[in-house]
Amino acid sequence: MSSHRKRQAEFAVIGLGRFGASLALTLAERGFHVLGIDREAAIVQRVAERLTQVVQLDSTDEEALGSVDITAFDVVIVAIGSNFEANLLTTAALHALKVKRIICKALNERQRTILLRVGAERVILPEFEAGARLALELVAPGMVGQIQLGDQHSICELTTPRSLVGQTILESDLRRRYGVTVLAVKRGDVLTVSPAPDFAFAPGDVLAIIGENSCTSRVMALE
């Protein structure tokens, strides 16, 4: 049973302004380990109780980043907005430390080009992508869509994880193992609502599941 489980990704968000805080809090609300970093004490204080861990430090200082074991995080997002020099130096420091994935925020295409050159894997232009949307994409690469049902629950559409292909609804035991219910399965143009227990998942099926946000996130993280 444990072979179907995947270690949850851990995230660090550097810069806790509007974009960074939105991203960090969305990840934390969905049950993920998030380290928040900002150089301003007042900003760190504001989100301290809602994130797993927060640290006040100068992210342009490579030694300071190393002191919080930044390389242990699967993804580090640099969400520094107005101070491009700090954004650039932070990205370069993360790249020098060999952080696995670096995603940055930029204000324009010129900044984007520079950040990609110094080690960013991806650069977000906030006019086009919101922090909350990026958070969902990071933790659920197979997600097709989502409907939020209040603060705690959601309906999510995702492509069937490889580990579930060939299993029936009964065998997958998603309700007991993950706390989610399969509402429907779309296979090509055919939609099966409330699939029977002996319904077997096939590659390319799109599942609609319902559950608490932390539960749906676990299913969407399956491979």
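Collect the residues in the stretch 156-171 that are assigned to a helix (DSSP H, G or I) and either aliphatic (A, V, I, L, M) or in contact with a Leu (Cβ under 6 Å, 6 or more places away or on another chain) (or both), keeping them in residue-number order.
Listed by number, the residues that qualify are Ser163, Leu164, Ile169, Leu170.
Take the residues of the stretch 191-213 that are free of Cβ contacts under 8 Å to residues at least 24 places away in the same chain and of a type in the set (A, V, I, L, M, F, W, C): which is surrounded by the fewest Cβ atoms within 10 Å (Cβ to Cβ)?
For the stretch 191-213, the residue satisfying everything is Val193.
Looking only at the stretch 101-121, which residues are modelled with pLDDT under 90 and charged (D, E, K, R)? Spell out the reasoning first.
Of the stretch 101-121, the ones modelled with pLDDT under 90 are 107-109.
Matches in the stretch 101-121: Glu109 only.
Scanning the stretch 1-22 for residues that are modelled with pLDDT of 90 or more and among the hydrophobic types (A, V, I, L, M, F, W, C), which turns out surrounded by the fewest Cβ atoms within 10 Å (Cβ to Cβ)?
Here the answer is Ala21.
Can you tell me how many residues in the stretch 172-190 are surrounded by 13 or more Cβ atoms within 10 Å (Cβ to Cβ), outside any loop (DSSP other than H, G, I, E, B) and β-branched (Val, Ile, Thr)?
3
The values are calculated or read from the model by the stated rules, or taken from the named source; none is laboratory data. Keep in mind that what you see is a predicted model, and the values were worked out from it rather than measured. For neighbour counting, all protein chains shown are included, and Cβ atoms are generated from backbone atoms with ideal geometry for every residue, glycine included.
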